[in-house]
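Comments concern the structure below.
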Amino acid sequence: MKLDDFTSTFPRLPGAMPVWHGSVSAEDLRALCEQVLHGGGKLVALWGSDETQANAHYALHVALVAAPGMLVLSLPIDHEKPAFPDLSDLFPAANRMQRSVTDMLGLHPVGASDQRKWLRHAAWPGKLYPLRKAFDSAGSFPLEEDGYAFVPVTGNGVHEIAVGPVHAGTIEPGHFRFSVVGERVLRLEERLGYKHKGIEKRFEDMTLQQGAKLAGRISGDSTVAYAWAYAQAVESVTGCTPPRRALWLRALLLELERMHNHLGDLGYLGNDAALVFGFAQFWILKEDLLRMNGEVFGHRYLMDRIIPGGVACDLDEAGLARITATLNHIEHEIAILKDIYDEHAGVQDRFLTTGRVMPELAARLGLTGMAGRASGQAWDARAQFPCVPYDQLDVRMATHRNGDVAARVIVRFEEIAESMRLIRLMLERMPVGDDLIAPLADAQEGVLGIGWVEGWRGEILVALHTGKNNSIQRLHAHDPSWQNWPVLEHAIMDNIVPDFPLINKSFNLSYSGVDL
Amino acid sequence: MHQIIKQILRTGIKTEAPPQPDDALRHEMQQINAQILHHVGRALAIRHVDAGSCNACELEIHCLNNAYYNIEGLGIHFVASPRHADMLLVTGPVSRHMEIALKRTYDATPDPKLVVALGDCGCDGGIFGESYASRGRIANVIPVDVAVPGCPPAPIAILQGILTAVSSRKVV
């Protein structure tokens with residue numbers, strides 16, 4: 001099958017984003033993936049579902065981005081032969097996603113070079129699959145030995161440093177195994193999955209309305225992006241178009257989320273380069289922004305403000321003035337701080353050439369989002385596939401080609417500036433109206449809705465398969481950290497151990513978002 | 001350098017007055033024993049453990065270190081090892097994959113120790129509840145002295161929870 005045929009043969013899903021969906025054969029799946037890859041496209045997400053109750057098969061779903069937009073390919077899988085073709089040779093980022101499909105659904109990638117478990121540690125036996133419908137979500141199994149097979153690194157003078165899951169700071173839990181010679185890192189192997197708390201199974205007990213709150217808690221630092229993506233998915237399956245003012249408010253909230261995350265990380269990046277001043281200053285600005293969020297919208301991190309159908313907050317004149325004043329203050333301070341970072345020899349010495357991911361490697365591994373843009377991967381859904389209101393704001397994408405910590409710092413500075421520009425435009429042009437929420441019709445059973453939002457870290461995808469009576473048959477939420485965690489293993493190579501915190505923070509990936 | 005000093009002077013002191021302890025947050029007061037009295041007046045060392053949160057509680061813990069709350073100015077600091085800690089500040093729900101790590105961290109913390117559970121999930125499992133993958137609230141896995149609700153709890157509420165646990169050391 002040809003890529004062009006796909007968008008003309010298969011229907012475009014209703015909703016805000018350009019998404020096409022169709023069922024394909026295993027051969028067509030591979031062929032389309034190859035065409036997307038060779039056309040410069042990328043893999044966004046890969047997940048499985050149990051459809052044995054409705055039509056006696058499982059399914060694998062693959063979301064790809066190509067020039068026209070997103071293609072979601074569904075491959076039906078015979079329940080007696082639960083296997084699918086390996087895609088990790090085309091898209092290395094598929095590796096952990098495929099292993100998670102095996103852990104959660106018992107579907108196997110045929111021919112994959114790495115078939116170790118991933119999300120499953122010790123909480124349930126290997127022959128049971130939590131996302132199969134027959135699995136009892138309330139069941140509790142005795143903890144087993146994890147027995148994960150790390151890749152051993154040997155040689156003269158090589159030793160291992162094992163870190164985590166409980167880290168020496170206020171960080172999410174994960175395990176890092178460094179193989180080092182002296183201070184130099186030869187190899188890093190990550191082991192995640194410690195925070196797996198059964199989010200996807202939990203969704204299956206919920207209605208479309210109830211799921212919104214859980215979606216906002218998949219990764220707290222991206223609550224706005226997830227809530228918006230979830231709302232888009234629900235609006236797609238219910239044929240709902242939110243009021244324009246609600247859509248503009250959503251974008252305003254998303255940019256505020258981008259700003260507070262970038263501000264916080266810029267502070268920590270200074271801190272990790274021994275400029276504690278940077279932490280002190282940026283975290284004052286971050287707190288100023290969070291307090292403003294709380295006062296204007298009722299929640300410091302803007303949780304539960306975006307709901308299916310619209311928004312649960314509004315903006316009055318006083319709020320508008322408060323936002324304007326806060327932005328003016330932050331803009332003024334950032335100009336000073338950026339000069340200080342730029343001219344601080346010690347900081348620049350730590351930032352430059354550290355944790356470098358060259359554009360070629362970034363493209364090969366599928367590095368995405370903010371970190372991708374710092375390595376020449378020019379993708380930003382706000383600019384390329386703009387929904388309302390971005391289609392009227394002409395988003396300027398920040399990109400850089402050096403791929404080091406310094407480049408990720410520059411991209412963050414530029415994205416803060418762009419977010420402030422966008423917010424000011426939104427405040428100026430915000431459509432007026434009392435309607436903030438549109439009613440949701442009943443969703444059809446057995447349909448797919450996709451939500452796709454450019455969060456601060458990268459693209460967030462929510463794939464919603466509906467069940468009976470507005471229930472959730474299956475929900476997969478995808479964080480860009482899936483793509484970027486494996487690249488971090490490459491970014492640290494040949495760097496020294498003490499630079500790991502700095503490199504790690506420059507990516508600042510989510511654990512909760514990928515452990516699910 | 002003069003730019004940095006200028007900015008520091010211009011910024012001034014942002015630190016605000018800390019909150020008072022809240023008796024309502026305290027439970028299981030009988031656990032408090034005379035031994036703890038020993039430690040009153042000394043700087044408090046806290047080890048944070050994320051046992052499975054969505055990471056929003058962590059964002060607010062980070063904020064405690066900002067200039068407005070200035071937690072170190074109150075004699076409270078975060079330490080890198082449970083062996084250096086007087087208190088564990090735990091967010092959750094406790095995922096089953098973190099259950100052993102949390103228990104080991106608790107065991108590695110020298111007695112007498114305090115545990116503050118953070119957030120709605122830490123208090124009662126929150127929206128994640130109990131399942132094949134989640135043990136729910138922190139108290140299902142280790143003993144908890146003070147539980148601070150909120151999603152996430154604001155920095156002031158966290159600070160209040162910490163102070164409530166600490167001040168309970170003065171009782172008896």
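The values are calculated or read from the model by the stated rules, or taken from the named source; none is laboratory data. As the structure is a prediction and not an experimental result, all values here were calculated from the model. Cβ atoms come from the backbone with ideal geometry, glycine included; neighbour counts cover every protein chain shown. What goes into the accessible areas is simple: the full protein's heavy atoms, side chains included, and nothing from ligands, DNA or RNA. Shrake-Rupley method; radii C 1.70, N 1.55, O 1.52, S 1.80 Å.
Residues that are of a type in the set (Ser, Thr, Tyr) and over 27 Å from A:SER219 (Cβ atoms) number at least 1 in the following strands (runs of 3 or more DSSP E) confined to region A:93-199: A:175-181. For region A:9-48, a residue qualifies if it is surrounded by fewer than 21 Cβ atoms within 10 Å (Cβ to Cβ) and on the phi > 0 side of the Ramachandran plot, and exactly one does: A:GLY40.
What residue, of A:GLU190, A:GLU235, is away from chain B (no Cβ under 14 Å) and either more than 30 Å from A:HIS167 (Cβ to Cβ) or polar (S, T, N, Q) (or both)?
Values: A:GLU190 fails: either more than 30 Å from A:HIS167 (Cβ to Cβ) or polar (S, T, N, Q) (or both).
So the residue among A:GLU190, A:GLU235 that is away from chain B (no Cβ under 14 Å) and either more than 30 Å from A:HIS167 (Cβ to Cβ) or polar (S, T, N, Q) (or both) is A:GLU235.
Here no strands (runs of 3 or more DSSP E) wholly within region A:411-480 include at least 3 residues being modelled with pLDDT under 95 and among the aromatic types (Phe, Trp, Tyr).
A quick yes/no check of all residues on (1) more than 26 Å from A:ASP391 (Cβ to Cβ); (2) under 26 Å from the mean Cα position of the chain (by Cα); (3) more than 13 Å from chain B (Cβ to nearest Cβ); (4) aliphatic (A, V, I, L, M):
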| position | (1), (2), (3), (4) |
| --- | --- |
| A:CYS240 | no, yes, yes, no |
| A:GLU257 | no, yes, no, no |
| A:LYS286 | yes, yes, no, no |
| A:GLY310 | no, yes, yes, no |
| A:ALA335 | yes, no, no, yes |
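Restricting attention to region A:492-516 and to residues that are aliphatic (A, V, I, L, M) and under 19 Å from the mean Cα position of the chain (by Cα), the residue that is surrounded by the most Cβ atoms within 10 Å (Cβ to Cβ) turns out to be A:VAL514. Give me the residue from region B:127-172 that is among the basic types (Lys, Arg) and closer than 28 Å to A:ASP515 by Cβ and, out of that set, surrounded by the most Cβ atoms within 10 Å (Cβ to Cβ). So, considering only residues that are among the basic types (Lys, Arg) and closer than 28 Å to A:ASP515 by Cβ, the one surrounded by the most Cβ atoms within 10 Å (Cβ to Cβ) is B:ARG135.
Yes/no matrix, rows are residues, columns are (1) touching an Asp or Glu at 6+ places or on another chain (Cβ under 9 Å); (2) within 11 Å of another protein chain (Cβ to nearest Cβ); (3) free of Cβ contacts under 8 Å to residues at least 12 places away in the same chain:
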position: A:ARG132; (1), (2), (3): yes, no, no
position: A:GLU145; (1), (2), (3): no, yes, no
position: A:THR170; (1), (2), (3): yes, yes, yes
position: A:HIS175; (1), (2), (3): yes, yes, no
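Given the structure, is A:TRP482 buried (at least 20 other Cβ atoms within 10 Å of the Cβ), of a type outside the set (Ser, Thr, Tyr) and within 14 Å of chain B (Cβ to nearest Cβ)? So A:TRP482 fails the test.
Looking at this structure, is A:ARG120 in contact with a strand residue (DSSP E or B) (Cβ under 8 Å, 6 or more places away or on another chain), open to solvent by 10 Å² or more (accessible area, probe 1.4 Å) and within 14 Å of chain B (Cβ to nearest Cβ)? Don't jump to the end; show me each part of the working.
Working: in contact with a strand residue (DSSP E or B) (Cβ under 8 Å, 6 or more places away or on another chain): no; open to solvent by 10 Å² or more (accessible area, probe 1.4 Å): yes; within 14 Å of chain B (Cβ to nearest Cβ): yes.
In short, no.
With outside the structural domain of A:PRO486 (by TED's automatic domain parsing) and either surrounded by 24 or more Cβ atoms within 10 Å (Cβ to Cβ) or more than 17 Å from B:PHE128 (Cα to Cα) (or both) as the only criterion, which of A:VAL234, A:VAL151 stands out?
Details: A:VAL234 fails: outside the structural domain of A:PRO486 (by TED's automatic domain parsing).
From the options A:VAL234, A:VAL151, the qualifying one is A:VAL151.
With respect to A:LEU352, is the statement that it is closer than 16 Å to A:ILE423 by Cβ and modelled with pLDDT of 95 or more true? Taking the combined requirement at face value, the residue does not satisfy it.
Could you give every pair whose Cβ atoms fall below 7 Å, whose first residue belongs to region A:492-513 and is within 14 Å of chain B (Cβ to nearest Cβ) and in a helix (DSSP H, G or I), and whose second residue is modelled with pLDDT of 95 or more and open to solvent by 20 Å² or more (accessible area, probe 1.4 Å), counting only separations of at least 6 or pairs across chains? Taking only residues 6 or more apart or on different chains, the pairs are A:LYS505/A:TYR268.
Exactly one residue among B:ILE71, B:ILE127, B:ILE142 is closer than 22 Å to A:ARG291 by Cα and in contact with a helix residue (DSSP H, G or I) (Cβ under 7 Å, 6 or more places away or on another chain), and that residue is B:ILE71. Taking region A:376-421, which residues are of a type in the set (A, V, I, L, M) and surrounded by fewer than 22 Cβ atoms within 10 Å (Cβ to Cβ)? Once the filter is applied, which keeps residues that are of a type in the set (A, V, I, L, M) and surrounded by fewer than 22 Cβ atoms within 10 Å (Cβ to Cβ), region A:376-421 yields A:ALA378, A:ALA383, A:VAL388, A:LEU393, A:VAL395, A:MET397, A:ALA398, A:ILE410, A:ALA417, A:MET420. Of the candidates A:MET292, A:MET303, A:MET259, the single residue that is modelled with pLDDT of 95 or more, in contact with a helix residue (DSSP H, G or I) (Cβ under 8 Å, 6 or more places away or on another chain), in the same structural domain as A:MET426 (by TED's automatic domain parsing) and not in a helix (DSSP H, G or I) is A:MET303. The test for being open to solvent by 10 Å² or more (accessible area, probe 1.4 Å), out of contact with any Lys or Arg (no Cβ under 7 Å at 6 or more places or on another chain) and not hydrophobic (A, V, I, L, M, F, W, C) does not hold for A:LYS286.
Within region B:73-96, take every residue that is of a type outside the set (A, V, I, L, M, F, W, C) and within 23 Å of B:PRO149 (Cα to Cα) and give me the one that is most open to solvent (accessible area, probe 1.4 Å). Checked region B:73-96; the qualifying residue most open to solvent (accessible area, probe 1.4 Å) is B:HIS77.
Once region A:134-143 is narrowed to residues that are loosely packed, with under 14 Cβ neighbours inside 10 Å and not aliphatic (A, V, I, L, M), the residue that is farthest from the other protein chains (Cβ to nearest Cβ) is A:PRO142.
Provide a single number: the residues in region A:147-168 that are within 14 Å of chain B (Cβ to nearest Cβ) and among the aliphatic types (A, V, I, L, M).
If we filter region A:147-168 for residues that are within 14 Å of chain B (Cβ to nearest Cβ), which is where we start, we get A:147-148, A:162-168.
Within this subset, residues satisfying the condition of being among the aliphatic types (A, V, I, L, M) are A:162-163, A:166, A:168.
Residues meeting the conditions: 4.
Taking region A:358-375 on its own, how many of its residues are surrounded by fewer than 24 Cβ atoms within 10 Å (Cβ to Cβ) and either assigned to a loop (DSSP other than H, G, I, E, B) or among the basic types (Lys, Arg) (or both)? Explain how you work it out, then say what you get.
In the first step, residues of region A:358-375 are kept if they are surrounded by fewer than 24 Cβ atoms within 10 Å (Cβ to Cβ); the result is A:358-361, A:363-366.
Filter again for either assigned to a loop (DSSP other than H, G, I, E, B) or among the basic types (Lys, Arg) (or both), leaving A:358, A:364, A:366.
Adding up the residues that qualify gives 3.
Among the residues of region A:289-305, those that are more than 8 Å from chain B (Cβ to nearest Cβ), open to solvent by less than 10 Å² (accessible area, probe 1.4 Å) and in contact with a Ser or Thr (Cβ under 9 Å, 6 or more places away or on another chain) comprise A:LEU289, A:MET292, A:LEU302.
Of the residues making up region A:125-137, not a single one is over 26 Å from the mean Cα position of the chain (by Cα) and more than 23 Å from A:SER49 (Cβ to Cβ). Screening A:GLY449 with (1) crowded, with 17+ Cβ neighbours inside 10 Å; (2) closer than 29 Å to A:HIS262 by Cα; (3) not aliphatic (A, V, I, L, M) gives one miss only, at (2).
Please find, within region A:341-357, the residue that is nearest to the other protein chains (Cβ to nearest Cβ) out of those that are in a helix (DSSP H, G or I) and surrounded by fewer than 20 Cβ atoms within 10 Å (Cβ to Cβ). Explain how you work it out, then say what you get.
Initial filter on region A:341-357 (in a helix (DSSP H, G or I)): A:341-343, A:345-351.
In the following step, the residues that additionally are surrounded by fewer than 20 Cβ atoms within 10 Å (Cβ to Cβ) were identified as A:342-343, A:345-346, A:348-349.
Values: A:ASP342: 11, A:GLU343: 8, A:ALA345: 11, A:GLY346: 11, A:GLN348: 14, A:ASP349: 16 Å.
Checked region A:341-357; the qualifying residue nearest to the other protein chains (Cβ to nearest Cβ) is A:GLU343.
Okay, residues lined up against (1) closer than 29 Å to B:ALA133 by Cβ; (2) among the charged types (D, E, K, R):
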residue	(1), (2)
A:ALA441	no, no
A:GLY446	yes, no
A:GLU459	yes, yes
A:THR466	yes, no
A:TRP485	yes, no
